[in-house]
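The values are calculated or read from the model by the stated rules, or taken from the named source; none is laboratory data. All values derive from a computational prediction rather than experimental measurement. Cβ placement follows ideal geometry from the backbone for every residue including glycine, while neighbour counts extend to all protein chains displayed. Just so you know, the surface numbers come from the protein's heavy atoms only, side chains and all, with ligands and any DNA or RNA stripped out. Shrake-Rupley method; radii C 1.70, N 1.55, O 1.52, S 1.80 Å.
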Amino acid sequence: MADYDLTSRIAPHLDRHLVFPLLEFLQERELYADDEILKAKIQLLSQTNMVDYAMDIHKALYHTEDVPQEMVGRRVEVVARLKSLEESAAPLISFLQNAALVQELRTDKQYNIQMLHDRFQIGADQIEALYQYAKFQFECGNYSGAADYLYQYRALCTNSERSLSALWGKLAAEILMQNWDTALEELNRLKEIIDSKSFASPLNQLQNRIWLMHWSLFIFFNHENGRNGIIDLFFQDRYLNAIQTNAHHLLRYVATAVIVNKRRRNMLKELVKVIQQEQQSYKDPITEFLECLYVNYDFDGAQKKLKECEQVILNDPFLGKRVEDSNFTTVPLREEFLENARLFVFETYCRIHRCIDISVLAEKLNLNMSYDEALVWITNLIRNSKLEAKIDAVLGTVTMPIVHQNVHEQIIEAMKNLNMRTYLLAKNIVEPAQAAQATR
């Protein structure tokens, strides 16, 4: 299923350090030859300061204890540069490590800068050195130290561009440390800045939004409320436009989030419309499953795509997260996806048929079980769904009564979608205004 691997499309929108978890996943799943993955890692590491890690991978790739002289020389350079930056930033770091002195800092950055200059002889050069030191720490793989220094730097920085760069670095560090709550806070802070900031061109703002959505995948598929978060973000008009402009592959993730989130079914209609619009630019088994089911009413096609969806999820670094449970390894999202996808097939199939053979229905739902097991499963499904269906155990059929949706129900259903669109519109207006006011 390497045909559906999106790593090559996602990686250009990530910091190179964020690509390592994707490569680790692909190596574990053995989607590519091990040598290919190791070579990709070395290529990435050549642009960082993680020289020791690069040496270890070189030894594993070429089965030798010897490393190229250029790596040895590079390590000497990195250690010397790290020591030099540490000395340059030492006065400010010493100040920041003193809790009593840090308490004297205020929200007024100009006051802080003046106070540091007058009382501690710490000026713009030392503040800049702190940024360079934090960035170097990040490149060395010390994400915890980098996150702390970047946070402290932003409290002193008056350059909006440099402050934005530091926030991107802080977000990357929190993601790599898997601090999902803090990472979500930084993501929201970054979104407010991107939506309210005046960029040199609309293209720059578009690119920042695309980067933000790609980085958000790490958070949304690990945070407990992430599936709501990804729907809230990706369905905002400006971000949906960005997806349709230059990030069509992100439709896989928003489609998955809508399918597994029973409370956000009201977004399904708009999702299917977008999938139809972009079918020439992007499609995979997950988007094709929805298209088969809700556009073409092709249940045989949906059944085939559902089998492929399972493999796509298992081999996707964001969707295929594994959880160790005693002696078993499970992929929770896979189970949720299949359960909800079968419910979609069941509801759609039942709405266009009056009388359905249970054996046929079990086949359409990809239920690999006996007739009696399928009967119990379908019975439970009917109980949990909103469908008014009757099961005839003797004839082995499910009978659907003719139900006409009255005008009031139609209005209520339409209002549900209207409420969500109004909420998103209000959010798009209020958040940039609040962010702009906060920066004054």
Other-chain or far-sequence residues with amide H under 5 Å of residue 122's (modelled H): 117
Value in Å of the Kirkwood radius, where segment 240-304 supplies the Cα pairs that are averaged: 11.9
In Å², nearest 10: area of residue 108 left accessible to a 1.4 Å probe: 80
Degrees, to the nearest 10: 160-176 long Cα axis against longest axis of the chain: 60
Surface per residue (accessible, 1.4 Å probe) for the chain, Å²: 52
D_trans [Stokes-Einstein, Kirkwood Rh over alpha-carbon pairs] for segment 196-343, 25 °C, 0.890 mPa s, µm² s⁻¹: 153
Nearby lysines by direct alpha-carbon distance to residue 191 (threshold 21 angstrom, same-chain neighbours under 8 apart not counted): 170, 427
Using alpha-carbon coordinates, inclination of helix 143-154 to the longest axis of the chain, degrees: 70
The chain: angle of helix 251-260 to the longest principal axis, Cα-based, in degrees nearest 10: 60
For the chain, calculated [θ]222 nm from helices alone, where every DSSP H run of n ≥ 4 adds -39500 (n - 2.57): -22500 deg cm²/dmol
Amide H partners (placed H, <5 Å) of residue 397, local residues excluded: 358, 392
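Given a Förster distance of 35 angstrom, what is the FRET efficiency for residue 59 paired with residue 32, based on the Cβ-Cβ distance and rounded to 0.05?
Efficiency computed from Cβ-Cβ geometry: 0.95.
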Cα radius of gyration and Dmax for segment 172-215 (Å): 11.5, 33
Cα-centre dipole for the chain with unit charges at Cβ (Lys and Arg positive, Asp and Glu negative), debye to 20: 1440
Segment 4-16 - phi-based ³J(HN,Hα) in whole Hz, Karplus 6.51/-1.76/1.60, Gly and Pro as x: 9, 6, 9, 4, 5, 8, 7, 3, x, 9, 10, 5, 4
Normalised per residue, the volume of the convex hull around the Cα set of segment 350-397 (Å³): 73
Centroid-to-centroid separation of segment 9-65 and segment 262-288 [C-alpha atoms, Å]: 33
Built amide H within the under 5 Å cut-off of residue 140, gap 5+: 49
Kirkwood-Stokes translational diffusion coefficient of segment 91-179, alpha-carbon pairs, 25 °C, 0.890 mPa s, µm²/s: 185
Lysines whose Cα lies under 29 Å from that of residue 390, excluding same-chain neighbours fewer than 8 positions away: 262, 269, 304, 305, 307, 364, 416
Surface/4 estimate of mean projected area, convex hull on alpha-carbon atoms of segment 30-128, nm²: 9.9
Within the accessible area of the chain (1.4 Å probe), percent carbon and sulfur: 49
Semi-axes of the equivalent ellipsoid for segment 140-220, Cα gyration tensor, largest first, Å: 20, 16, 10
Neighbour cut-off at most 14 other Cβ (10 Å), DSSP loop, GluC sites (Glu not before Pro), segment 53-125: 65, 104
Integer Hz, Karplus 6.51/-1.76/1.60 couplings in order for segment 315-325, x for Gly and Pro: 9, 9, x, 8, 8, x, 4, 9, 10, 7, 10
